[in-house]
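The values are calculated or read from the model by the stated rules, or taken from the named source; none is laboratory data. Model, not experiment: these values are computed from the prediction. Ideal geometry is used to build each Cβ from the backbone, glycine not excepted, and the neighbour counts take in all protein chains shown. Accessible surface areas use protein heavy atoms only, side chains included; no ligands, DNA or RNA. Shrake-Rupley method; radii C 1.70, N 1.55, O 1.52, S 1.80 Å.
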Amino acid sequence: MSAARVIDGKHVASTVIRRVKRAADQLERTSGVKPGLAVVIVGDDPASHTYVGAKSRMARECGFASIQRTLPAETTQEELASVVQSLNDDPSIHGILVQLPLPKPLQSDLIIQSILPEKDVDGLHVVNAGKLATGDLETGLVSCTPAGAMVFVRRSHGNDLSGLNAVVIGRSNLFGKPMAQLLLSADATVTMAHSRTKNLPQVCRNADILVAAVGRPEMVKTDWIKPGATVIDVGINRIDAPENGEGKTRLVGDVAFKECAEIADVITPVPGGVGPMTIAMLMANTVIAACRANGIAPPRFYDTEI
Ligand code: GUN
């Protein structure tokens, strides 16, 4: 068995970003409108600040109006709700993202559901989740990481997944559930596996497309993989790496990359796989929202090969 083709997530993301920039440019020329993205972060979790910084930087690079609201950890539910309300009311803002997790005791669900669905570029509002579940990719917004993972799937298998078995490990609202819906919309036969699934390795061995989003470092082993499968790794886990020196750490996915690459046909690395696509699809969602708000047909990102 030859080694798998390793997907270069940065390269694929740059293709998405090119399409986003073209659409933003066209929107500004025809309507005089710049896509506006607001990112809200509460508290001082360093990893969240790193992600949010990357999102704001990419928004500026795409030619968007990018604003960041940084709020202290002691922010109350009412204060945060009022920030979201003011962004809902601001016509220059087309996309709102509240970085998760929120510090305790803030209730993230109340906040997420208070974002206008047409500005919910995370695709987490029940209206957007419902549109995806009913197969409406035309008017809703799709959660960024599954939308990005789906770009990889389409690059390997095309738009029609008829006859292919897909297994998604993980059932979160942010990833597992929308990922399964996207695969189903493309006519794959989908199994959602999770921590209570019996014989998980055996279930996974049936997958032509295996998507892992469990948050357990290198849990998926070589004997879980069907020879020739496409393996998408959505995990980002920081583990100790004493081999790199005392106190050093490194990032790994949910898939034991080296051994699984021996048997898969296509595989995504961590880092440099799904991660860059999440940011690219956030930009895509923002330009889609801005085009829709101005009565212009947005480019397609969810259901075509990119
Ligand atoms: N935290 C980690 N990933 C995400 C994401 O995709 N969206 C939001 N809002 N917060 C996150």
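Assorted remarks:
- The stretch 218-306 shape via C-alpha gyration tensor axes, a/c threshold 1.5: oblate
- Tensor-based shape of the chain (alpha-carbon gyration tensor, a/c under 1.5 rounded, otherwise prolate or oblate): prolate
- Heavy-atom accessible surface of K221, to the nearest 10 Å², is about 80 Å², with a 1.4 Å probe and all protein chains retained.
- Projected label distance in nm at D44 and T189, using a 7 Å step from Cα toward the beta-carbon: 5.4
- Proximal lysines relative to K248, as straight alpha-carbon distance under 25 Å, when same-chain residues fewer than 8 apart are discounted: K10, K221, K258
- Lys/Arg +1, Asp/Glu -1 at C-beta; the chain dipole; positive extreme among S56, V12, V40: V12
- If R0 is 35 Å, the Cβ-Cβ spacing of R196 and A133 corresponds to a FRET efficiency of close to 0.95.
- Vicinal HN-Hα couplings computed from phi for the stretch 84-97 (Karplus, 6.51 cos²θ - 1.76 cosθ + 1.60; Hz; Gly/Pro x): 4, 4, 5, 6, 4, 7, 8, x, 7, 9, 9, x, 10, 10
- Residues D303, D254, ordered by accessible area of protein heavy atoms at a 1.4 angstrom probe radius and largest first, appear as D303, D254.
- Estimated from helices alone, the mean residue ellipticity of the chain at 222 nm is -12500 deg cm²/dmol (sum of -39500 (n - 2.57) over DSSP H runs with n ≥ 4, per residue).
- In Å², nearest 10: area of R60 left accessible to a 1.4 Å probe: 140
- Taking all protein chains as shown and a probe of 1.4 angstrom, L124 keeps an accessible surface of around 30 Å².
- Qualifying aspartates and glutamates (Cα of each under 18 Å from Cα of K55; at least 8 residues distant if same chain): D44, D45, D120, D122
- In degrees, nearest ten, helix 274-293 long axis to first principal axis of the chain (Cα): 40
- Cα gyration tensor category, rounded, prolate or oblate, for the stretch 61-133 with a/c compared to 1.5: oblate
- The residues of the stretch 163-253 have, on average, 51 Å² of accessible surface per residue, using a 1.4 Å probe with all protein chains present.
- When a 1.4 Å probe is rolled over the protein heavy atoms, the share of accessible surface on the stretch 67-140 that falls to carbon and sulfur comes to 59 percent.
- Theoretical gain in end-to-end length, Q113 to K258 [0.36 nm per residue, Cα-Cα removed]: 48.1 nm
- Within the listed set A13, A186, A38, the Gaussian network model of the chain (springs between alpha-carbon atoms below 10 Å) gives the highest mean-square fluctuation for A186.
- In the context of the full set of protein chains, the stretch 1-128 has a per residue accessible area of 51 Å² (1.4 Å probe).
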